[in-house]
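Colleague: Structure incoming, see below.
The values are calculated or read from the model by the stated rules, or taken from the named source; none is laboratory data. All values reported here derive from a predicted model rather than from experimental measurement. Cβ sites come from the backbone with ideal geometry, for glycine too, and all protein chains shown count toward neighbours. In case anyone asks, the SASA skips ligands and DNA or RNA and just uses the protein heavy atoms, side chains included. Shrake-Rupley method; radii C 1.70, N 1.55, O 1.52, S 1.80 Å.
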Amino acid sequence: MTRYIFITGGVVSSLGKGLMAASLAALLQARGYKVRIRKFDPYLNVDPGTMSPYQHGEVYVTDDGAETDLDLGHYERFTGVASRQSDNVTSGRIYKTIIERERRGDYLGATVQVIPHVTDAIKDFAQAETEDLDFVLCEIGGTVGDIESLPFIEAIRQLKNELGRGRSISVHVTLVPYIKAAGELKTKPTQHSVRELASLGVQPDVLVCRCEQPLPTGERAKIAQFCNVPASAVIPALDAASIYAVPLQYHEEGLDSEVLRAFGIEPGAAPNLSRWTDITDRLFNPEGEVTVGVVGKYVGLPDAYKSLNEALVHGGIANKVKVNIRWIDAELFEKGDDAEVAANLEPCHAILVPGAFGSRGAEGKIASVRFARERKVPYFGICFGMQMACVEGARNMAGIADASSTEFGPTQEPVVGIITEWMSKDGIEKREEGGDLGGTMRLGAYPAKLTGNSVVASIYGGESISERHRHRYEVNTGYRERLEAGGLVFSGMSPDGMLPEIVERPDHPWFVGVQFHPELKSKPFDPHPLFASFIEAAVKQSRLV
Ligand code: GLN
């Protein structure tokens, strides 16, 4: 029997609902249950693919090529369950589907309305492909009271009713603010938020209360009384020292057993949390530290590089070191001032250029590649970072002074160019230059073949890999010979040999560029081999300087 857990947020946004969902799923998993987490996003974009990272943080890409909310990254990192397109839906996608159906005449003359048509679509989404699962956790984006989220709350209300007793519960995440001047924690915002939710027909079963101070028994009892839940179902959630300590902390506070009890299930034996204690032990007792310089474009907002940030932390977990990330704005280096580059990059034990779109900051990234190559500092180029490693190699090692990417405008030397045709598992994919921006990239998992004796084959421990992509441009194989003569070896290619997937410099301590996004598949309990190896190289570098 599949059970549903609906997760809403109240009072303010940024309460860590996604982390709560991910942690709860991990705890249920540790008790032997099969789980999946889904996200409903009330905004009207069809997916977050066209949103600026400054608006919405990173776009998380799934194996099946969906561009999704970054919370899906947390879900996958915490549970190891690979997310799918069907795990993230927006109001925009729902309305698009309904309007397309309406235009086809599928509604047979009926008036198309929010209730039942939109709410039915939401319920279908929640229940699709869930047969083999014990628990489906559905997180509703936004805050209760938002106009946009109303149809979602209504759909939950209906679904709870249709599923019947014991098949679904509602968990509401709220804020219990501490008012310094009064020296008190305040429960009123929680009361109001629960009342708002209840007025929409959804009574929460468990309340997760984010607070900066421990929640005294009195306040806990008060919340329970006003919000109509047992005191044991008021779960305090204090800030944690690391997101990977959150599952353990929620377990200590009784979240998983309280959720099971709300379903009428006796919690029984304690979950097996050894995976989480091992991770936190490594995180909190590092044997050294390294500094990685990330030369990027959206460095003002860490959420824009969420998975990257986490994958670097995982690399640290693998090597038992603390990884300090130095976020460097690539535009600082645009003027080609070598002293500026050196001043910023010399303190780094390794340099990483992440994914990006557009020309802003590109010259700064190329300057960073050059610094890493010349100074023999470990370099990791991801997607745009691989493309810029190729442009740098072309310009400075292969004598192609005008090497560039067509992404930056017309060029005589398109070392990186647009792809208009490629093979996917579904056959030939085609794109038009200047076509739509939404959903028109090489997206999702693609296989690659690695050269037998390459650095990357030894890092992966094999020659066949599958990694996730999100890009329009590719390194142009027409330049392969000249780039290789300049020391940049193409060590990973698409199985048909047409698309470069990995480049490396065998004469450098650690220099790897990848066309895909390995950070998306890294997990704290299963660090991605490239990140583990990159941080290992940073550790070696730190011993040299
Ligand atoms: N802008 C580049 C492209 O579209 C790189 C994209 C990325 O780094 N994700 O190919």
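Colleague: Return a yes/no flag: does segment 229-245 have any residue that is closer than 18 Å to SER149 by Cβ and charged (D, E, K, R).
Modeller: Within segment 229-245 (the criterion being closer than 18 Å to SER149 by Cβ and charged (D, E, K, R)), the answer is no, since none of the residues qualifies.
Colleague: Same structure, new question: Given the condition more than 30 Å from VAL323 (Cβ to Cβ), in contact (Cβ under 8 Å) with a residue 40 or more places away in the chain and open to solvent by 30 Å² or more (accessible area, probe 1.4 Å), answer yes or no: does some residue in segment 222-233 qualify?
Modeller: So far as segment 222-233 goes, no, none of its residues is more than 30 Å from VAL323 (Cβ to Cβ), in contact (Cβ under 8 Å) with a residue 40 or more places away in the chain and open to solvent by 30 Å² or more (accessible area, probe 1.4 Å).
Colleague: Which of (1) at pLDDT 95 or above; (2) aliphatic (A, V, I, L, M); (3) within 16 Å of the ligand (Cβ to nearest atom) does VAL299 not meet, given it meets every other one?
Modeller: Looking at each condition in turn, VAL299 falls short on (1).
Colleague: Same structure again: Only one of (1) of a type outside the set (Val, Ile, Thr); (2) farther than 12 Å from ALA538 by Cα; (3) more than 16 Å from the ligand (Cβ to nearest atom) fails for GLY315. Which number is that?
Modeller: (2)
Colleague: Keeping to segment 27-78, report how many residues are farther than 15 Å from SER91 by Cβ, crowded, with 24+ Cβ neighbours inside 10 Å and of a type in the set (Ser, Thr, Tyr).
Modeller: So the answer is 2.
Colleague: Could I ask something else about it? Would you mind stating whether GLY355 is touching a Cys at 6+ places or on another chain (Cβ under 7 Å) and under 23 Å from GLY57 (Cα atoms)?
Modeller: So GLY355 passes the test.
Colleague: With respect to VAL369, determine if the residue is closer than 19 Å to VAL456 by Cα and buried (at least 16 other Cβ atoms within 10 Å of the Cβ).
Modeller: Against the criterion (closer than 19 Å to VAL456 by Cα and buried (at least 16 other Cβ atoms within 10 Å of the Cβ)), VAL369 qualifies.
Colleague: Kindly indicate the residue of segment 384-431 that is over 15 Å from ILE366 (Cβ atoms), in a loop (DSSP other than H, G, I, E, B) and within 15 Å of the ligand (Cβ to nearest atom) and also modelled with the highest pLDDT among those meeting that condition.
Modeller: By that ranking, first place goes to GLY409.
Colleague: While we're on this one: Quick check on segment 97-115. Is at least one of its residues of a type in the set (A, V, I, L, M, F, W, C) and open to solvent by less than 20 Å² (accessible area, probe 1.4 Å)?
Modeller: Let us first name the residues in segment 97-115 that are of a type in the set (A, V, I, L, M, F, W, C), namely 98-99, 108, 110, 112, 114-115.
Now narrow it down to the ones that are open to solvent by less than 20 Å² (accessible area, probe 1.4 Å): 98.
Yes, segment 97-115 contains at least one residue that is of a type in the set (A, V, I, L, M, F, W, C) and open to solvent by less than 20 Å² (accessible area, probe 1.4 Å).
Colleague: Turning to a different aspect of this structure: Inside segment 199-242, can you point out the residues that are in a helix (DSSP H, G or I) and among the charged types (D, E, K, R)?
Modeller: We begin by selecting, within segment 199-242, every residue in a helix (DSSP H, G or I); these are 199, 217-227, 231-233.
GLU219, ARG220, LYS222, listed by residue number.
Colleague: A further question on this structure: Does HIS192 satisfy the condition of being in contact with a helix residue (DSSP H, G or I) (Cβ under 8 Å, 6 or more places away or on another chain) and not in a loop (DSSP other than H, G, I, E, B)?
Modeller: No.
Colleague: Quick test for you: out of GLU310, GLU287, GLU258, pick the one residue that is outside any strand (DSSP E or B) and under 30 Å from PRO48 (Cα atoms).
Modeller: Numbers: GLU287 fails: under 30 Å from PRO48 (Cα atoms); GLU258 fails: under 30 Å from PRO48 (Cα atoms).
Exactly one residue qualifies, and that residue is GLU310.
Colleague: Which residue, of SER466, SER454, SER494, is in contact with a strand residue (DSSP E or B) (Cβ under 9 Å, 6 or more places away or on another chain), under 26 Å from SER83 (Cα atoms) and away from the ligand (no atom under 16 Å from the Cβ)?
Modeller: Testing whether each residue is in contact with a strand residue (DSSP E or B) (Cβ under 9 Å, 6 or more places away or on another chain), under 26 Å from SER83 (Cα atoms) and away from the ligand (no atom under 16 Å from the Cβ) leaves just SER466.
Colleague: Which of the residues belonging to segment 34-62 are under 12 Å from the mean Cα position of the chain (by Cα) and among the small types (Gly, Ala, Ser)?
Modeller: Answer for segment 34-62, where residues must be under 12 Å from the mean Cα position of the chain (by Cα) and among the small types (Gly, Ala, Ser): just GLY57.
Colleague: Another question about this same structure. How many residues does segment 20-58 hold that are part of a helix (DSSP H, G or I) and at pLDDT below 95? Don't jump to the end; show me each part of the working.
Modeller: The initial filter retains those residues of segment 20-58 that are part of a helix (DSSP H, G or I), namely 20-30, 48-50, 53-56.
From what is left, the residues that are at pLDDT below 95 are 48-50, 53-56.
Number satisfying all stated conditions: 7.
Colleague: Quickly run through segment 466-515 and pick out the residues that are assigned to a helix (DSSP H, G or I), over 17 Å from ILE418 (Cα atoms) and open to solvent by less than 40 Å² (accessible area, probe 1.4 Å).
Modeller: Result: LEU483, single match.
Colleague: Filtering segment 341-365 down to residues that are surrounded by fewer than 16 Cβ atoms within 10 Å (Cβ to Cβ) and closer than 20 Å to TYR298 by Cβ, which residue is nearest to the ligand (Cβ to nearest atom)?
Modeller: Among those residues, the one meeting the criterion is GLY358.
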